[in-house]
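Right, one structure below, let's go through it.
The values are calculated or read from the model by the stated rules, or taken from the named source; none is laboratory data. Everything quoted here is computed from the prediction, not taken from an experiment. Note that we place each Cβ from the backbone using ideal geometry, even for glycine, and neighbour counts take in every protein chain shown. Side chains are part of the model used for accessible areas, which takes the heavy atoms of the whole protein and leaves out ligands, DNA and RNA. Shrake-Rupley method; radii C 1.70, N 1.55, O 1.52, S 1.80 Å.
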Amino acid sequence: MKKFIFPGDLIDKEKLNIYGAYYHNGSTYSLVTGMYDDEEKRLIIFNGPYEPKIGDVIIGVIEDIRGNGYSINFGLAINSYISARDFRETLNYGDILVAKIANYDESDGNVELTEHSVLRGGIIINISPFKVPRVIGKKGSMLDQIKNKTNSKIIVGKNGWIWIKDGNVNLTKSSIQKIEREAHTSGLTDKIAKYLEDNEESLDVN
Amino acid sequence: MENNELTKNGKRLDGREFNEMRPLKIEAGILKNAHGSAYLEWGGNKIIAGVYGPKECIPRHDANPFKAKLACRYTMSPFCSKEEHGRAGPNRRSIELSMVLREALENVVELERYPKAMIEVSIEVLQAEGGTRCAALVAGAVALANAGIPMRDLPIAVAAGKIADTICLDCSKIEDNYGQADFPVALAPRNNDILLMQMDGLMTKEEMFKALDFIEKSAEKIKETEKNALEKAINKVN
Amino acid sequence: MEPIDEIKKSNVKNLLQNNERIDRRGMLDYRPIEITKNYIDTGEGSALVKLGETKALSVIKFDVVEPFSDKPNEGVISTNSEMLSLSSERFESGPPGEKSIELARVVDRGIRSAEIIDTKDMNLGDGKVLGLFIDLYLLDYDGNYLDASALATMAALRNTMVPTYEDGVLIRDNMKKKLKLKGDVFMNTFVKIDDKILLDPILDEEVSMDCRLSVGIYENNICSLQKNGRGEIKRNEFEYMIDASLEKYKELKKIIEI
C-alpha cells in the first residue's frame, strides 16, 4: 500500500535504514515529501537535490578555468575540478561534459570524476534527479522506446541533466518532460508509447 | 479604535470565535524557476516564497565546512498595506524577522547534509493583514518541502493575541494594532517544540499558556493544509 | 550570463537557420498571455500577467505627495521595479541593479510620453498633489520581463480606483472614481539573433541575442524606444520592428479587454 508521506511523519516504529528518512528515539521518520510503500518498505521521492553516488554518470557544464584545470558545474553544492592534463583538447566556457563519479566525500561534498568526455552540439534539459529512473525504465526499456521512435542520441545524467542530439529532438524532449510530470502515475510505459506514436509526425522539425 | 471595541456581542469583529483561525489556502510548486515554491493566502495576507539550493555559497567566505548556510530573506512589498505606499527593500523590522524566521527553519532543515553549500529562502509579503511573520514561516516551510530539502519536521506557525482581556487566536491586522498583546509562535508539530517565539504587550502566565494551548490545538489543521498543498503539487498533471 | 547559455545559444541559432524557434512559435508571435486583474487587494489597482512562464505583477497605489517645483499643480508618477530573487537564479537579492532600474524607467517612459494619465487632474490643492506609484514585481523569469511588466501595468491602470481626499487624508474605502486614461500603451520587445528578428524572446532567445529593441506604441504613435545590447540594428530592420509593433497594437488591445 502506497500513501503520501511528509517531513516529520512516522514511517515505522522501528529502525529502518531508508534513504530520505531518519531515525530518532526508536522510530523512523520521513525527511521529505513522497510516497511510502509499506510492503516494500521503500520511500518514493519525487523531487530534491541530487545525492552523488560512486559509479553514477553525470552531466555538467564548464564554468571556469582555475589553476591548471577546469571548474565544472554539475548542479551540486560545489563545483568539481578536473585537471587540464586529463583532456586531449582545450575546453571552453560553456562546454558540456559527461563524466562518471569515481569518488564522493560526503563530509565535504567533494566529487572526483573519471571517464569524462565533451558532448558537442545537442541540447540540455533538466529534470528532477529522482525521476531519472523512470526516464531510463526497467533495464533501459523506457529510454530505448524513445530512442527507437525518435532516433535521437540521449545521455541521461543521474543528476537530472539530460543531453539530446539529432533525430526528433523536440519529440524526445517533450516525451521526457511528460515522463517527469507523470512519474507518479501507473501505466507510464504504455502512455509514452502512445504519446510517441501520436506525435511522431507533428513534432518532427526535420 | 479602542481595545474594548475589538469585540462585539461576545465575538470578534469579523465574526470569528476566539479560538478560530482565519481561512488559510496554500499552493505549492507555482513557479517555474524556483526549486521549490509556495503561495499562501491567510486572511488578508498574500505571501509568495521561493527556494533555491543547495548551491554554491555566496559569498564564498561565508561557507561553513560542516553544513549548509540557510539564507532567509523576508521582505514586505511597498504595496502590502491598504493604506500608504511603503518603501521597497529591507528595513529594520524585516531584517529582524528574516533572522528569526531563519533560525526557526534552521532547526528542522538537515543542513549537515550539504556542507559548504547555501540554501536560499525568499519570502515576499504581497499583502499584509496581521500575523504576517507566521504566515511567512508557513510559506517558507512549504517551499522548502516542495524543493525536496530534507527536513526533520514540517513546522507550523500562528500568532495568538489578547483583545478586550480575552485570549484570541490568529489576530487580524486591526486586532494586532489595537489589542493588548501579540504572541507569534512557530512549532515543530511532532512534539510541539517551540522554534520561533516573540511577544509584545502584557500577559499573565495563565493567559500566555492559554494562548499556547490555542496555538498547539491549531497546529494539526495548519499542518494538514501544508500537506495538502504539497500533495496537490505532486499530483498536478498538466 | 551563465555557462549553460553557450549550448542554449547554439541550439537557438541552429533552429533559426530554418526560421524555427525553440518553442515552435512564429517569428512575430507572443507566447500565451494570461491576465489576472485586481490580483492584489491592498493596491488601488493591480494585475498579474503570465507571458508564457514569465510572471509579472504590477500594483498601483496613491499617496499624498509634494509636487515637483516646476509643476506645482500636477500629480507625480513614480515607477519602481524589483526583480525578485525568487524569480530566477540569475537575479541576486539586493537593491535594484541596472536591469531592474532600466525596466522601471522604460515602462514609465511609455506611459509618460503618451500622457495617458492626466497629471493635471491630480491636484489636491493646498500645495499637495496625488502621487501615483507603480510597483513592478517580477515573480518568475523566462524571458521578456519588459512586455510582461508593461502589459501588467496597463491592465492595472485600467482597473485603478482613485481614493477620495478628505481633511488631508486619502480615503481608500468605497472608492467610486475610476482612474481616467486617455488610451492604452503597449510595449513590444524584439531581439535580433544573426539577422533574424523575433518578437517576445523566451529566456533561451534572450541569452542568445545580439541586441534587443523595445517599442512603446500609443494608438498609431511610437511613444518610447529602448535599444539594449551591443549588437547593431540596420535601418530596414528598425522599420520592420516599428511596422510589426504598430500591427500588434490591435491584438494586444483585444487581449487586455477580456
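Tell me which of these B:Phe79 doesn't satisfy, since it passes every other one: (1) open to solvent by 80 Å² or more (accessible area, probe 1.4 Å); (2) in contact with a His (Cβ under 8 Å, 6 or more places away or on another chain). In the conditions (1) open to solvent by 80 Å² or more (accessible area, probe 1.4 Å); (2) in contact with a His (Cβ under 8 Å, 6 or more places away or on another chain), B:Phe79 misses (1) alone. Each residue in the stretch B:137-166 was checked for being more than 30 Å from B:Lys67 (Cβ to Cβ) and open to solvent by 10 Å² or more (accessible area, probe 1.4 Å), and 4 of them qualify. Test A:Pro7 against the stated conditions and say whether it is away from chain B (no Cβ under 11 Å), surrounded by 14 or more Cβ atoms within 10 Å (Cβ to Cβ) and part of a loop (DSSP other than H, G, I, E, B). Taking the combined requirement at face value, the residue does not satisfy it.
In the set A:Asp95, A:Asp105, A:Asp144, only one residue is free of Cβ contacts under 8 Å to residues at least 60 places away in the same chain and touching a strand residue (DSSP E or B) at 6+ places or on another chain (Cβ under 7 Å); that residue is A:Asp95.
Would you point out the residue of the stretch B:106-164, among those that are β-branched (Val, Ile, Thr) and part of a strand (DSSP E or B), that is farthest from B:Gly53 (Cα to Cα)? Only one residue tops the list, namely B:Ile163.
Looking across the stretch A:1-56 at every residue that is β-branched (Val, Ile, Thr) and touching an Asp or Glu at 6+ places or on another chain (Cβ under 7 Å), the one that is nearest to B:Glu110 (Cα to Cα) is identified as A:Thr28. Scan the stretch A:51-70 and give yes if some residue there is open to solvent by 10 Å² or more (accessible area, probe 1.4 Å), at the interface with another protein chain (Cβ under 10 Å from one of its Cβ atoms) and in a loop (DSSP other than H, G, I, E, B), otherwise no. Within the stretch A:51-70, one or more residues are open to solvent by 10 Å² or more (accessible area, probe 1.4 Å), at the interface with another protein chain (Cβ under 10 Å from one of its Cβ atoms) and in a loop (DSSP other than H, G, I, E, B).
In the stretch B:72-96, the residues that are more than 9 Å from chain C (Cβ to nearest Cβ) and without any contact (Cβ under 8 Å) to a residue 24 or more places away in the chain form Cβ pairs under 6 Å with partners that are aromatic (Phe, Trp, Tyr) and surrounded by 17 or more Cβ atoms within 10 Å (Cβ to Cβ), at six or more places apart or across chains, as follows: B:Ser94/B:Tyr74.
The residues of the stretch C:178-194 that are more than 14 Å from C:Thr153 (Cα to Cα) and either surrounded by fewer than 16 Cβ atoms within 10 Å (Cβ to Cβ) or in contact with a Pro (Cβ under 6 Å, 6 or more places away or on another chain) (or both), listed by number, are C:Lys178, C:Lys180, C:Lys182, C:Val191, C:Asp194.
Touching a helix residue (DSSP H, G or I) at 6+ places or on another chain (Cβ under 7 Å) and either of a type in the set (Lys, Arg) or farther than 28 Å from C:Asn228 by Cα (or both): is that true of C:Lys71 in this structure? Please lay out each step first, then the result.
Values: touching a helix residue (DSSP H, G or I) at 6+ places or on another chain (Cβ under 7 Å): no; either of a type in the set (Lys, Arg) or farther than 28 Å from C:Asn228 by Cα (or both): yes.
For C:Lys71, the condition - touching a helix residue (DSSP H, G or I) at 6+ places or on another chain (Cβ under 7 Å) and either of a type in the set (Lys, Arg) or farther than 28 Å from C:Asn228 by Cα (or both) - is not met.
Pairs linking a residue in the stretch C:78-96 that is free of Cβ contacts under 8 Å to residues at least 24 places away in the same chain to a residue that is of a type in the set (Val, Ile, Thr), with Cβ atoms under 9 Å and 6 or more positions apart or on different chains, are C:Glu92/B:Ile58; C:Ser93/B:Thr75. In the stretch C:53-90, the qualifying residues are those that are open to solvent by less than 30 Å² (accessible area, probe 1.4 Å), within 12 Å of chain B (Cβ to nearest Cβ) and not in a strand (DSSP E or B), and the one that is nearest to B:Lys82 (Cα to Cα) is C:Leu84. Evaluation of B:Asn64 against the conditions (1) more than 19 Å from B:Glu120 (Cβ to Cβ); (2) away from chain C (no Cβ under 12 Å); (3) modelled with pLDDT under 95 shows that the sole unmet condition is (1). Give the stretch A:27-40 a look and list any residue that's away from chain B (no Cβ under 11 Å) and surrounded by 16 or more Cβ atoms within 10 Å (Cβ to Cβ), or say none. Selection gives A:Thr28, A:Tyr36. None of A:Lys153, A:Lys138, A:Lys147, A:Lys165 is open to solvent by 20 Å² or more (accessible area, probe 1.4 Å), at pLDDT below 95 and more than 24 Å from A:Asp64 (Cα to Cα) except A:Lys138.
Looking at A:Leu43, A:Leu16, A:Leu91, just one residue is within 14 Å of chain C (Cβ to nearest Cβ), over 15 Å from A:Gly157 (Cα atoms) and at pLDDT below 95, and that residue is A:Leu91.
Conditions (1) among the β-branched types (Val, Ile, Thr); (2) over 28 Å from B:His35 (Cβ atoms), marked per residue:
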{"residue": "C:Gly43", "(1), (2)": "no, yes"}
{"residue": "C:Ile60", "(1), (2)": "yes, yes"}
{"residue": "C:Glu102", "(1), (2)": "no, no"}
{"residue": "C:Glu115", "(1), (2)": "no, yes"}
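Counting the residues of the stretch B:203-238 that are away from chain A (no Cβ under 14 Å) and not aromatic (Phe, Trp, Tyr) gives 15.
Tell me, please, whether a residue that is surrounded by 24 or more Cβ atoms within 10 Å (Cβ to Cβ) and assigned to a strand (DSSP E or B) can be found in the stretch C:149-160. No, the conditions are met nowhere in the stretch C:149-160. Could you go through the stretch C:98-120 and let me know if any residue there is closer than 21 Å to C:Gly52 by Cα, outside any loop (DSSP other than H, G, I, E, B), hydrophobic (A, V, I, L, M, F, W, C) and touching a residue at least 40 places away in the same chain (Cβ under 8 Å). Among the residues of the stretch C:98-120, at least one is closer than 21 Å to C:Gly52 by Cα, outside any loop (DSSP other than H, G, I, E, B), hydrophobic (A, V, I, L, M, F, W, C) and touching a residue at least 40 places away in the same chain (Cβ under 8 Å), which makes the answer yes.
Taking the conditions exactly as written (over 24 Å from B:Asn64 (Cα atoms), over 23 Å from the mean Cα position of the chain (by Cα) and either within 14 Å of chain C (Cβ to nearest Cβ) or among the acidic types (Asp, Glu) (or both)), does A:Leu97 satisfy them or not? Talk me through it step by step, then tell me what you get.
On the way: over 24 Å from B:Asn64 (Cα atoms): yes; over 23 Å from the mean Cα position of the chain (by Cα): no; either within 14 Å of chain C (Cβ to nearest Cβ) or among the acidic types (Asp, Glu) (or both): yes.
Answer is no for this residue.
Residue count for the stretch C:18-49 under the criterion of being without any contact (Cβ under 8 Å) to a residue 40 or more places away in the chain and open to solvent by 40 Å² or more (accessible area, probe 1.4 Å): the result is 8.
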